[in-house]
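The values are calculated or read from the model by the stated rules, or taken from the named source; none is laboratory data. Model, not experiment: these values are computed from the prediction. Glycine also receives a Cβ, built like all others from the backbone with ideal geometry; neighbour counts cover every protein chain displayed. With ligands, DNA and RNA removed, areas are computed over all heavy atoms of the protein, side chains included. Shrake-Rupley method; radii C 1.70, N 1.55, O 1.52, S 1.80 Å.
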Amino acid sequence: MKEIDINQRVSEEICNGAMCNGKQFRAGDWIALLDGKVVAVAGDLDRALRSLRALDPDPRRGMVFEVGPPVTDVIR
């Protein structure tokens, strides 16, 4: 499984209210993932991204997302 797929699965679990490594996250938290592991939790995008890039400067690696409910796109 590719890293992006692993990160996507973990991000969906977190946004759906699942705990990750025994921690519950709140709506509005910014989470940085690397290889499917939470490497930072921050109050804003910039801090989460800086934390991720401090661990791995490669922009093709990792994921940063804001915890919130899933959003469904409607096409009319």
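Whole-Hz Karplus ³J(HN,Hα) for the range 54-68, in order, using 6.51 cos²θ - 1.76 cosθ + 1.60 and θ = phi - 60°, x for Gly and Pro?
Values, residue by residue: 5, 7, 8, x, 6, x, 7, 10, x, 8, 10, 8, 9, 6, x Hz.
Solvent-accessible area per residue for the chain at a 1.4 Å probe radius, Å²?
70 Å²
Find out how many positive minus negative residues lie around Glu66, taking Lys and Arg as positive, Asp and Glu as negative, among other residues whose Cβ is under 11 Å from that of Glu66.
Net charge in that neighbourhood comes out at -1.
Between Val41 and Glu12, what FRET efficiency follows from the Cβ-Cβ distance if R0 is 22 Å, with the result rounded to 0.05?
0.85
Roughly speaking, to the nearest percent, how much of the chain's 1.4 Å accessible area is carbon and sulfur?
Details: 2820 of 5310 Å².
For the chain, the apolar C and S fraction of the accessible surface comes to 53 percent.
How far, in degrees from 0 to 90, does helix 3-15 lean away from the longest principal axis of the Cα atoms of the chain, to the nearest 10?
With rounding to tens, the tilt is 50 degrees.
Amide H to amide H under 5 Å from Gly62: which residues, 5+ apart in sequence or cross-chain, H placed 1.01 Å off N in plane?
Amide H neighbours of Gly62: Asp35.
Which value in deg cm²/dmol, rounded to the nearest 500, describes the helix-derived mean residue ellipticity at 222 nm for the chain, given -39,500 (n - 2.57) per DSSP H run of n ≥ 4 and division by the residue count?
About -10000 deg cm²/dmol.
Restricting to Cα pairs below 8 Å that are 6+ residues apart, what does the relative contact order work out to for the chain? Please round to a whole percent.
35 percent
If N is the number of residues in the chain, what value comes out of its Cα radius of gyration divided by 2.2 N^0.38 Å?
Scaled against compact globular proteins, the figure is 1.10.
Can you give me the long-range amide H partners of Ala40? Hydrogens built in the peptide plane at 1.01 Å from N, cutoff under 5 Å, separation of 5 or more residues or another chain.
Ala32
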